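Colleague: Got a structure for you, questions after.
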Amino acid sequence: MAGFIRREDPAPGIARIVLARPQMRNAQSPELLYELDAALAAATDDNEVKVIVLAADGPDFSSGHDLKAGFAMPCTPVATMQSGLGASGIEGHYAFECEAYLGLCKRWRNIPKPTIGQAQGRTIAGGLMLLWPMDLIVAADDATFSDPVTAFGVNGVEYFTHAWELGARKAKEILFTGRALTAAEAQQVGMVNHLVPTADLDTFTLDLATAIATRPAFGLRLAKESINRSLDAQGQSTALDAALALHNLGHAHNIAQHGQIVHPAGADVIRAAAREKEPIS
């Protein structure tokens, strides 16, 4: 693998997995995603680890998918038993997204240990797909969260838990406008558990992880599984599959209309919106 991920063991029972591509704002190439998966799998398999923290180097948690990195699988699939990964057109791309995007996110969501994401700076689009599978989220007070990809002619990012993370109306607002949620807004709607000064982010998250690690591992696993099954009883897993199909319908439409998987004006729309100062109520 490429060395985009670092593991730290900051306290007994705690593994901290760190996105270590700050020069690219932790943009997610396929290599980074599968290196992250390997690190999470190793921490899950480590009987000494009771809680896993996902953190990031640099000023931003993640700027999302690295579209320049392409969509080639860097290893054997781990999340799905997909055929068609080598197929041309939307068939191959759909197989890739089922595996590398939605498949990995579902896999991380179901890690049988408590997980905590800690975010600073910007988390954009695919960056949400690293945070939302985590059980808890701690945000620095400078954090913002956005999913502006309707500008690309698709419904939103591939791990489409927006209605659960934000509530239906706030999710629609964020998707329709592309604007970023502040950390305070994210806490108000329940997406973020704790909001702390940036300087305290590492310490606060580690203290939270350490408190969780005092409890029996099996009790923690059963509590997590019970909550996840409750979400699935509400239809979350089925909704995720349906949203990914609609996402790829958007890609297919873009290929038919524009000869590429995203709307060609999308990047300019997103950059222009980012330059504007948006009123946040």
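Colleague: Can you tell me which residue in the range 41-57 is farthest from the chain's Cα centre (by Cα), limited to those that are outside any loop (DSSP other than H, G, I, E, B) and more than 25 Å from Thr203 (Cβ to Cβ)?
Modeller: Of everything passing the filter in the range 41-57, Asp45 is farthest from the chain's Cα centre (by Cα).
Colleague: Something else now. Could you please let me know if Thr238 is under 20 Å from the mean Cα position of the chain (by Cα) and without any contact (Cβ under 8 Å) to a residue 24 or more places away in the chain?
Modeller: yes
Colleague: Same structure again: Looking at the range 10-40, which of the residues that are assigned to a loop (DSSP other than H, G, I, E, B) and more than 15 Å from the chain's Cα centre (by Cα) is farthest from Asp147 (Cα to Cα)?
Modeller: Looking at residues that are assigned to a loop (DSSP other than H, G, I, E, B) and more than 15 Å from the chain's Cα centre (by Cα), I get Pro12.
Colleague: Looking for something of a type in the set (D, E, K, R), open to solvent by 50 Å² or more (accessible area, probe 1.4 Å) and in contact with a Lys or Arg (Cβ under 9 Å, 6 or more places away or on another chain) - is there at least one such residue anywhere in the range 155-176?
Modeller: yes
Colleague: If you take the residues of the range 11-27 that are among the charged types (D, E, K, R) and under 17 Å from Gly126 (Cβ atoms), which of them is surrounded by the fewest Cβ atoms within 10 Å (Cβ to Cβ)?
Modeller: Ranking the candidates gives Arg25 first.
Colleague: Another question, if that's okay. Report yes if Asp37 is under 30 Å from Ala199 (Cβ atoms) and acidic (Asp, Glu), otherwise no. I'd like the intermediate steps shown before the answer.
Modeller: Working: under 30 Å from Ala199 (Cβ atoms): no; acidic (Asp, Glu): yes.
Taking the combined requirement at face value, the residue does not satisfy it.
Table: residues versus (1) more than 12 Å from the chain's Cα centre (by Cα); (2) within 24 Å of Val269 (Cα to Cα); (3) without any contact (Cβ under 8 Å) to a residue 40 or more places away in the chain.
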| site | (1), (2), (3) |
| --- | --- |
| Glu99 | yes, no, yes |
| Arg109 | no, no, no |
| Leu166 | yes, yes, yes |
| Arg179 | yes, yes, no |
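Colleague: Please give the number of the condition Ser88 fails out of (1) out of contact with any Asp or Glu (no Cβ under 8 Å at 6 or more places or on another chain); (2) touching a residue at least 12 places away in the same chain (Cβ under 8 Å).
Modeller: Failing condition for Ser88: (2).
Colleague: A further question follows. Considering (1) open to solvent by 10 Å² or more (accessible area, probe 1.4 Å); (2) more than 30 Å from Pro264 (Cβ to Cβ); (3) in contact (Cβ under 8 Å) with a residue 60 or more places away in the chain, say which one Gln187 fails and leave the rest.
Modeller: Of everything listed in (1) open to solvent by 10 Å² or more (accessible area, probe 1.4 Å); (2) more than 30 Å from Pro264 (Cβ to Cβ); (3) in contact (Cβ under 8 Å) with a residue 60 or more places away in the chain, Gln187 misses just condition (3).
Colleague: If you don't mind, another one. Of all residues in the range 28-54 being touching a helix residue (DSSP H, G or I) at 6+ places or on another chain (Cβ under 8 Å) and free of Cβ contacts under 8 Å to residues at least 60 places away in the same chain, which is surrounded by the most Cβ atoms within 10 Å (Cβ to Cβ)?
Modeller: Within the range 28-54, the match that is surrounded by the most Cβ atoms within 10 Å (Cβ to Cβ) is Ser29.
The values are calculated or read from the model by the stated rules, or taken from the named source; none is laboratory data. Quantities reported herein were computed from a predicted structural model and do not represent experimental measurements. FYI the Cβ positions are ideal-geometry reconstructions off the backbone, even for glycines, and counts take in every protein chain you see. SASA here: full protein model, heavy atoms, side chains in, ligands and nucleic acids out. Shrake-Rupley method; radii C 1.70, N 1.55, O 1.52, S 1.80 Å.
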